[in-house]
Amino acid sequence: MSSESIAVVTGASRGAGRGIAVALGSHGCTVYVTGRSEKAGDATFPGTIHETAASVTAAGGRGIAVRVDHGDDAQVKSLFERVEREQGRLDILVNNAFATHDLLTAPGAYWKKPLAVADTLNVGLRSSYVASYYAAPMMVERRSGLVIFSSSSGSVHYVFGPAYGAHKAAMDKFAADMAVDYRDYNVAALSIWMGALASERMQSLMASEPEKYRHLQLETTEFTGHIIWALHNDPKLMEISGQTVIGAEMALKYGIKDADGRQPPSYRDTLKVAPRVQYPLIIR
């Protein structure tokens, strides 16, 4: 059994998941890297689970690539059974897997886009519930753990259409409601609004429509991973469990800067938006 912190990062072949996994690796974590891409050509953009796992190890941690189709519940269950068998525990789960259709960001009303754009309500929304479901027993038994949902301000304003927005709003809601069930077991759940990321997909979008996206101030994909690590080590973490937090504001709280010493701005300042606050009423 490992003494290092054990993490699972879903959807980590590229983009946010890859950056988060590598950042956690830089803090010495053993990271299970999941996704479907195993070789070049498996997806529109480059990146594989094996490349990410190697980068996690190179950063100072231990990367373990596991091919998982997060649309298949049996594969997800098998993943967490493997983690329990090999490590005996799970400290951090990052729910990041997200089925992104190439035309999600195309202009036009939702009914003019392919119906497959709604696949994110399966791999993205439902898959996060399933991963959390199978991860929970390990954390609850040890009375320790952190479940993260990667989200964005699209949960409270229009971005790319209703499928994208519903996914982000639901991620925030998952954190709020799962935190209620975790409360007696010292397990925390948080949703994090990431900023616009310097991912392969975003950089492609910016290149194709520079005027539309020129105002964006990008965060590195690793930035959120360092914030997650700081949250995990915060002795007062349970005080904010259930909240949706803005990554840039958590970075200020913990003294974390992005590459080249940059301090990314908060959506509260740039877009004048803030996460919804859940009412404390509980009906069981």
Quiz item: Counting only heavy atoms of protein chains, what accessible area per residue, in Å², does the chain have with a probe of 1.4 Å?
Solution: 47
Quiz item: Given R₀ = 41 Å, FRET efficiency for Glu38-Ile283 by Cβ-Cβ distance, to 0.05?
Solution: 0.35
Exercise. Could you work out how far apart the two model spin labels at Val140 and Ile240 are, taking each label as a point 7 Å from the Cα in the direction of the beta carbon, and quote it in nm?
Key: 2.6
Quiz prompt | Relative contact order [Cα under 8 Å, 6+ residues apart], the chain, whole percent | solution = 17
Self-check item: Rounded, prolate or oblate (a/c below 1.5 giving rounded, otherwise prolate when a/b exceeds b/c) for region 1-113 by Cα gyration tensor
Solution: prolate
Quiz item: For the residue pair Asp269 and Asp73, what label-to-label distance in nm results when each label sits 7 Å from Cα along the Cα-to-beta-carbon direction?
Solution: 4.5
Exercise. Assuming R0 = 51 Å, can you tell me the calculated FRET efficiency for the pair Leu121 and Thr57, based on Cβ-Cβ distance, to the nearest 0.05?
Key: 0.90
Quiz item: How much length, in nm to one decimal, is gained on full extension between Asp102 and Tyr254, taken as 0.36 nm per residue of separation minus their Cα-Cα distance?
Solution: 51.2 nm
Quiz item: Thinking of the chain as a set of Cα atoms, what percent of all their pairs are more than 24 Å apart?
Solution: 46
Quiz prompt | Out-of-range pairs (alpha-carbon distance over 30 Å; input Lys77/Lys272; Lys173/Lys236; Lys112/Lys257) | solution = Lys77/Lys272; Lys112/Lys257
Quiz item: So between Arg183 and Glu86, what do we pick up on full extension, going 0.36 nm a residue minus the alpha carbon distance?
Solution: 32.2 nm
Exercise. Just the ratio, please: alpha-carbon radius of gyration of region 90-180 over 2.2 N^0.38 Å, N its number of residues.
Key: 1.19
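The values are calculated or read from the model by the stated rules, or taken from the named source; none is laboratory data. As the structure is a prediction and not an experimental result, all values here were calculated from the model. Please note: Cβ atoms are built from the backbone with ideal geometry, for glycine as well, and neighbour counts cover all protein chains shown. We work out accessible area using only protein heavy atoms, side chains counted, and drop any ligands, DNA or RNA first. Shrake-Rupley method; radii C 1.70, N 1.55, O 1.52, S 1.80 Å.
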